[in-house]
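Here the structure comes first, spelled out in structure tokens, and everything after it is commentary.
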Amino acid sequence: MIEKKELTVHLPGRELKLHVAADIEALITDNNDEEKVPCWADIWPAAYGLAYFIWENMEFMPGESVLELGAGMGLPGMVCALKRADLTLSDFNPLALEMAGENARQNGLSVKLLQEDWRKFACREKYNYILASDILYDPKLNPFLGEIFLNNLKPAGKIIITHPERKATYDFLETWYDPRLFSQERFIREVELTDSLLPRYKIAIHVIASLQAG
Ligand SMILES: C[S@@+](CC[C@H](N)C(=O)[O-])C[C@H]1O[C@@H](n2cnc3c(N)ncnc32)[C@H](O)[C@@H]1O
């Protein structure tokens, strides 16, 4: 049983109440095994940056689909669902999906849950939007995500990648991004977190649009 605490996310004109793990350290079973570090159990600064960016800048047509990869608590995806997108949250950790699903339902949002590992991603469904909040941090895993972006995005769809200016993410984009297939817009969104040791972050946002006709 995971001990939880409630967080309120303030979007202009709307609040979301989310439960996250009260004590992340307590969930660590093996510090040497990256897969057992519970990075899913909190909301990362890049997720706040993406959530605010979506709330302030994006609208969805009825039925447009959004897949959030490595969703953890799924905050950015939930903001898309608030704007009536058809949301799928995906992670390889079943506890993450359970908590994210409960969070979505408690905020009155409907959501599909997809348990998939990027290294053997079997889902063949294509989405209008793919969200990637702080998941391109490991050069060993990044090529798998690059494949998912290519295989699971609809023609004319958009991939939105956010990160706290990580070298591994910039390096991935340097080699993966192909201007014959995509266009890209970049933004920096400052994020202030009140309950964090490091209160201020600069979040890089890449909006990568497929040039394939829809
Ligand atoms: C740094 S956390 C980011 C969580 C969330 N996107 C955010 O920004 O708050 C990385 C997420 O990716 C998930 N993840 C890591 N490796 C994965 C893999 N091989 N397949 C699927 N999900 C994975 C973790 O469970 C975790 O939820």
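Bear in mind that the values in this text are calculations on the coordinates, not laboratory data. All figures in this text were calculated on a predicted structure; none of them were measured in a lab.
On a full-extension model of 0.36 nm per residue, what is the gain between residue 174 and residue 28, subtracting their alpha-carbon distance, rounded to one decimal in nm?
Numbers: separation 146, 0.36 × 146 = 52.56 nm, distance 3.32 nm.
Value of the extension gain: 49.2 nm.
From the C-alpha coordinates alone, can you work out the Kirkwood hydrodynamic radius of the range 42-210, in Å?
On the way: mean 1/r = 0.0629 Å⁻¹.
Answer for the range 42-210: a Kirkwood hydrodynamic radius of 15.9 Å.
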Pairwise centroid distance, computed over Cα atoms, of the range 150-164 with the range 45-85, Å: 13
Phi to ³J(HN,Hα) by Karplus 6.51 cos²θ - 1.76 cosθ + 1.60 over the range 14-24, Hz, x for Gly, Pro: 7, 10, 10, 9, 10, 9, 10, 5, 6, 9, 5
Max mean-square fluctuation residue, GNM over the chain, Cα-Cα springs under 10 Å, options 51, 26, 96: 26
Residue among 88, 162, 194 with the largest mean-square fluctuation in a Gaussian network model of the chain, springs linking Cα atoms under 10 Å: 194
Hits among lysines - C-alpha to C-alpha of residue 167 under 20 Å, sequence gap 8 or more where chains match: 140, 202
